[in-house]
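The structure under discussion appears below in the form of C-alpha cells.
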Amino acid sequence: MALRHAVLAALLDGEYSGYQLTKIFDIGVSNFWYAAPQQLYAELTKLEADGLVTGREVVQRGRPNKRVFRVTQAGLAELATFAEAPARPLVLRDDLAVKVHAVDLLDAGPVIEQLHERARQEEAKLEIFERILAGLRGDLDEETFLREGDPVGPYLSCQAGCWLARETRDWCLRTARTLEARARAHIEKETS
C-alpha cells in the first residue's frame, strides 16, 4: 500500500484541507497508517497532479485562505483497483520489541520503563478509538450498527485499532511484570 491509498481513503467522507487531513490521520487513520504532516501535504500535491483528487481555494475572513480536496472519479477507480489487489501480510517494525528481544544482555530497567510508557500511550489511543466508535454508532448498539449503520468501513478499521491498542497495552504490561519479577528473583538469589 502506498500513502496515496490511505489519503484517498481518508478523503472519502468529504472535502478536507491538508490541516484537517493531518487531524484525521492523527486520530482515525493512525491505527493503520502513520504519515507526517509534510508527507500528507506532498501526497495531496501528487494526487492532484495525477487527477486523483481535486482541490479548490476557500476564502476565509480574518484567516488565511485554505485549499480543500476531495476524491475524483479517477481517485475512486484507483481505490477500487487497490482494493482488488491481494493484501500484503502485516509487517511489524517496533523498536521496543527489539529491545525486549535483546533484554537478556541489557539493563532491563529502562526497557521496563519504556514498556510502562508504551502501555500508557496505548491506553490513551484505546480511549480515543472507543470515543470514535461511540460517535460513529450514535444511538445504535454495536450489533445493530454493524448490520445497518454507515459508514461501516471506518468503524471496522477503528475496531482493528482498538484491538491492536488493547493487545499492545496488555503485552507491554505482561512483559514488564515478567521482567520485574525476574529482576526481583535475580536480586533475591544474589542476596541469599
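Compute the acute angle (0 to 90°) between the alpha-carbon long axis of helix 37-49 and the principal axis of greatest extent of the alpha-carbon atoms of the chain; round to the nearest 10°.
Once rounded, the angle reads 30 degrees.
Please work out the C-alpha center-to-center distance from region 101-175 to region 1-80 and express it in whole Å.
The distance from the Cα centre of region 101-175 to that of region 1-80 comes to 25 Å.
For the chain, take the longest principal axis of its alpha carbons; what is the angle in degrees between that and the long axis of helix 108-137, to the nearest 10 within 0 to 90?
40
I'd like the orientation of helix 73-84 relative to the chain: the angle between its Cα long axis and the longest Cα principal axis, in ° from 0 to 90, rounded to 10.
For 73-84 against the chain, the angle is about 40 degrees.
Among V111, V91, V7, V152, rank each residue by its count of other Cβ atoms within 10 Å, from fewest to most, as a rough exposure measure.
V91, V152, V111, V7
Just the number: Rg to Rh for region 93-192, Cα atoms, Kirkwood Rh, two decimals. Can you show the working numbers first?
On the way: Rg = 18.8 Å, Rh = 15.7 Å.
Ratio of gyration radius to Kirkwood radius for region 93-192: 1.20.
Please compute, over every Cα-Cα pair in region 3-84, the percentage with a separation greater than 18 angstrom.
Numbers: 1274 of 3321 pairs.
Beyond 18 Å sits 38 percent of the P(r) for region 3-84.
How far apart, in nanometres, would the label points at D139 and E190 be if each is projected 7 angstrom from Cα along the Cα-to-Cβ direction?
Spacing of the two 7 Å Cα→Cβ label points: 6.4 nm.
Run the count for the chain, please: Lys pairs, Cα-Cα under 30 angstrom, 8 or more apart or on different chains. Before the final figure, lay out each step's value.
On the way: K23/K46; K23/K66; K23/K125; K46/K66; K66/K125; K99/K125; K99/K189.
Total qualifying Lys-Lys pairs in the chain comes to 7.
Using 0.36 nm per residue, how much length does the chain from L173 to E127 gain when fully extended, once their Cα-Cα distance is taken away?
14.9 nm
Helix-derived [θ] at 222 nm for the chain: sum -39500 (n - 2.57) over DSSP H runs of at least 4, divide by residue count, nearest 500? Before the final figure, lay out the partial values.
Values: 8 runs with 124 residues, N = 192.
The helix-only estimate for the chain comes to -21500 deg cm²/dmol at 222 nm.
Select from Y155, H116, T168 the residue farthest towards the positive end of the dipole of region 95-191; place +1 on Cβ of Lys and Arg, -1 on Cβ of Asp and Glu, and compute about the Cα centre.
Among Y155, H116, T168, the one farthest towards the positive end of the dipole of region 95-191 is H116.
Can you work out the PRE-style zone for Y34? Point 7 Å along Cα to Cβ, and I want the residues of region 112-145 with backbone N under 14 Å.
Output list for this probe position: 118-119, 121-122, 125.
At q = 0.15, 0.16 Å⁻¹, what log₁₀ I(q)/I(0) does a Debye calculation on the Cα points of the chain give, no solvent, two decimals?
Listed by q, the Debye log ratios stand at -1.02, -1.10.
Please report, in debye to the nearest 20, how large the charge dipole of the chain is about its Cα centre when each Lys and Arg carries +1 at its beta carbon and each Asp and Glu carries -1 there. If you can, show how the numbers build up before the last one.
Numbers: 25 positive and 30 negative charges, 110 e Å.
Rounded to the nearest 20 debye, it is 520 debye.
Where a number appears in this text, it was derived from the coordinates with a stated rule and is not lab data. Keep in mind it's a predicted model, so treat the numbers as computed, not measured. Heads up, the Cβs are rebuilt from the backbone with ideal geometry, glycines too, and the neighbour counts pull from every protein chain shown.
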